[in-house]
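Working notes for the structure below.
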Amino acid sequence: MGSTRRQTLIGNILVYGALIIICIVWSVPTIGTLITSLRPADDAKTTGWWTVVNEPNFTFNAYRQVLAGKETTIVTEEGEEQTVSGQGMTQAFLNSLTVTIPAVAIPLLVAATAAYAFAWMEFPARRMFFVIVIALLVVPLQIALVPIFRDYRALNLNGTWLAIWLAHTGFGLPLSIYLLYNYISTIPRDILESAFIDGASQFTMFTRLILPLSIPALASLTIFQFVWVWNDFLVALTFLGTNEEVAVLTQYLQSLIGERGSDWHLLTAGAFVTMLLPLVVFFSLQRFFVRGMMAGSVKG
Amino acid sequence: MSEQTEILGRRVGSELLTWLYRIVLSVVVPVVFFIVMRAGFIWLRRGNANQVLIAAVAILWGIGGFAMLYVIANSIVEQLPDEWKSALLPFVFVGPALAILSWYLVMPVVRSLVNSFQDAAAESFVGLDNYVYAFTERVMLEAFRNNVLWLVLGTSVTVALGLLIAVLADRTVGPFETAVKSLIFLPMAISFIGAGVIWRFMYAFRPAGTAQVGVLNAIRVALGGEPVGWLTIAPTNTLLMIVVLIWMQTGFAMVILSAALKGVPQELLEAGRIDGANEVQIFFRIMIPYIQGSIVTVSTSILLLTLKIFDIVWAMTGGQFSTSVIGTVFWRQMFTFRHNGRASAIAMVLLVLVIPVMWYNLQQLEQEAF
């Protein structure tokens, strides 16, 4: 009996020990990034971030510099004022918001109405259309980049918000329709029929009944589409171009890598600014976040 | 007689009014809407106003515009006679989705297919030249080789690690399990570009003799080695970038597999233990077969990701130093060399590679509830 208990104890130590080691390894990159972003420029360039244990020395200068506009004044350690060229990440943050909010709301709206029609309305070739929508899940978005880029050039749409919203809508629709259809089609028929008998129009039914009932599915999809669009680089690079006025955070960070490749304090601060919103969502809505990422796991 | 005429007249009058109302609704409202939206578009494009104001107007313009589109289309169709209404109303709901899908996905497949047989400017047909390029050019062969590395190592290590952590975490107390899972899942929230920066820093290189700032080189130097420019040496650089993918995706594998593991009936495990099976045997003979479906789902999802991998490589090496993947070669052909034909051919190759995996994945998905 004693030996089994000792075995369980050893087993427990091994399990907890292994998990703690894995967690430390997993966190080192993020922690190192966070610490470096808070160090003065010279320190970040010349010594490892782990040396802060011996000589802690922190500053928000890197964040000030990446967030500020064209020029910004920072106070160095010696107390003298220094003017450095800012990186204007505030603009990129705003651009990311301008891209992301409609690029989440529009596809969800379009997908929800379509899913409702597929689930509860009668129209010719309904099944065929639905099968086509599902089949489109296999199309990788790279296929669409060349043709759509050329259409946009002809329409003079490249570099506009509308261009990237529509692109994200197109690429996000098959999955959103598929998942929302699965959800909306399971709403009990009685609920809809009694509303219909009460004289509600299809539109009223959709806005007053279907949308509120689908909130769990919509919430998961919202988070998935939000993380997807916010973190997207390829679609933004293709359709927004490299114009700084419309560049989103990921593009900004990428150009920062090119221009300031060894200014680690700036790069790490920039990386943290891009991560800020997804991390807030992650920690405040963790359950929905996980469900959302699961739902989107087959994105094409 | 005159009374009848009067009634008739009144009826005609009210009918006329109704029609007038309908015409106003179905012509004037859309026209006004179109003019307002167009003005908004031009104002947004000029973009000479406060940044925050522009962002707010753009968001309102985009979402409001789309919502109004449905409201207007619906109210027009609602005015029609019943038989017209029931025939047209479904298309108010499903039409925008079908239109967008055909523009953004259906037509591009056809057009990319056509483009892939044409020259750089998509003007004349060149037969199979672009496909010959896609399958024989040195950089493409390098990309295929690297993609196979990504696919095999990325997928297998991610799933194995995810499974290992799920099994281990399952044996710990609740709060500890939650904390571990949150930590491992957290990188899912980070963009590939952000992760690229984080890991470039991990792999950072400074000349020998100076203090290292990258963790990997610091460890190497501490162990008595010479610092190495990790991202410039093939094939180590590709392997190190696959580590980034593993770091980001293991949490995803872990969460799905952990949920599946919790679904394994306790009686089954007890029965196994009573029959004298040890924990390793229980894991391989009972748990693994039971959660096979979830393992396949996770594997195929990550496999798809590795086939289309682009951002990580773009942020860390830009495809230099023999790290090209299909995604980066595609990008270079499309925007650096502006060769529509080759870019389309590469995209078609990607489509053909993705189809079987995705198809398989969808069949698995059918069986799972959302």
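The values are calculated or read from the model by the stated rules, or taken from the named source; none is laboratory data. What you see is a predicted model, and the numbers here were worked out from it, not measured in a lab. Glycine also receives a Cβ, built like all others from the backbone with ideal geometry; neighbour counts cover every protein chain displayed. Areas reflect the complete protein model, heavy atoms only, side chains present, ligands, DNA and RNA absent. Shrake-Rupley method; radii C 1.70, N 1.55, O 1.52, S 1.80 Å.
Below are the figures for this structure:
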{"item": "Qualifying positions in the stretch B:43-69 - of a type outside the set (D, E, K, R), modelled with pLDDT under 80 and open to solvent by 50 Å² or more (accessible area, probe 1.4 Å)", "result": "B:N48, B:N50, B:Q51"}
{"item": "Selection status of A:T222, in a helix (DSSP H, G or I), surrounded by fewer than 22 Cβ atoms within 10 Å (Cβ to Cβ), away from chain B (no Cβ under 11 Å) and among the polar types (S, T, N, Q)", "result": "yes"}
{"item": "Residues of the stretch A:148-165 satisfying the condition of being in contact (Cβ under 8 Å) with a residue 40 or more places away in the chain and in a helix (DSSP H, G or I)", "result": "A:I148, A:F149, A:Y152, A:W161, A:A163, A:I164, A:W165"}
{"item": "Residues located in the stretch A:172-189, provided they are open to solvent by less than 20 Å² (accessible area, probe 1.4 Å), closer than 23 Å to A:V139 by Cβ and out of contact with any Lys or Arg (no Cβ under 6 Å at 6 or more places or on another chain)", "result": "A:G172, A:L173, A:P174, A:S176, A:I177, A:Y178, A:L179, A:L180"}
{"item": "Restricting the stretch B:257-268 to residues that are more than 16 Å from B:L168 (Cβ to Cβ) and of a type outside the set (D, E, K, R), the residue that is surrounded by the fewest Cβ atoms within 10 Å (Cβ to Cβ)", "result": "B:Q266"}
{"item": "Given (1) over 26 Å from the mean Cα position of the chain (by Cα); (2) open to solvent by less than 10 Å² (accessible area, probe 1.4 Å), number of the condition B:A218 does not satisfy", "result": "(2)"}
{"item": "Scan of the stretch B:13-27 for residues that are among the aliphatic types (A, V, I, L, M) and surrounded by 11 or more Cβ atoms within 10 Å (Cβ to Cβ), ordered by number", "result": "B:I23, B:L25, B:V27"}
{"item": "Qualifying positions in the stretch B:338-354 - in a helix (DSSP H, G or I) and not hydrophobic (A, V, I, L, M, F, W, C)", "result": "B:N340, B:G341, B:R342, B:S344"}
{"item": "Residue list for the stretch A:42-88, restricted to those being charged (D, E, K, R) and either at pLDDT 80 or above or outside any strand (DSSP E or B) (or both)", "result": "A:D42, A:D43, A:K45, A:E55, A:R64, A:K70, A:E77, A:E78, A:E80"}
{"item": "Residue among B:W247, B:W230 that is more than 23 Å from the chain's Cα centre (by Cα) and touching a residue at least 24 places away in the same chain (Cβ under 8 Å)", "result": "B:W230"}
{"item": "Selected residue [small (G, A, S), under 13 Å from the mean Cα position of the chain (by Cα) and in a helix (DSSP H, G or I)] from A:G270, A:G292, A:G258", "result": "A:G292"}
{"item": "When residues of the stretch A:241-260 are limited to those that are crowded, with 20+ Cβ neighbours inside 10 Å and of a type outside the set (V, I, T), the one farthest from A:M294 (Cα to Cα)", "result": "A:L256"}
{"item": "A:F196 being at the interface with chain B (Cβ under 7 Å from one of its Cβ atoms) and either in contact with a Cys (Cβ under 8 Å, 6 or more places away or on another chain) or farther than 30 Å from B:Q333 by Cα (or both)", "result": "no"}
{"item": "Flag if A:T238 is hydroxyl-bearing (S, T, Y) and crowded, with 22+ Cβ neighbours inside 10 Å", "result": "yes"}
{"item": "Any hit, the stretch A:135-156, residues being more than 30 Å from A:V246 (Cα to Cα) and surrounded by 24 or more Cβ atoms within 10 Å (Cβ to Cβ)", "result": "no"}
{"item": "Residue within the stretch B:277-288 that is small (G, A, S) and either within 30 Å of A:L221 (Cα to Cα) or part of a helix (DSSP H, G or I) (or both) present", "result": "no"}
{"item": "Out of A:L237, A:L211, sole residue that is within 20 Å of the chain's Cα centre (by Cα) and either farther than 30 Å from A:D42 by Cβ or assigned to a loop (DSSP other than H, G, I, E, B) (or both)", "result": "A:L237"}
{"item": "Test result for B:G174, open to solvent by 30 Å² or more (accessible area, probe 1.4 Å) and of a type outside the set (A, V, I, L, M, F, W, C)", "result": "yes"}
{"item": "Any chance B:Y104 is under 25 Å from the mean Cα position of the chain (by Cα) and open to solvent by less than 40 Å² (accessible area, probe 1.4 Å)", "result": "yes"}
{"item": "Failed item, numbered, when B:R206 is tested on (1) within 12 Å of chain A (Cβ to nearest Cβ); (2) surrounded by 20 or more Cβ atoms within 10 Å (Cβ to Cβ)", "result": "(2)"}
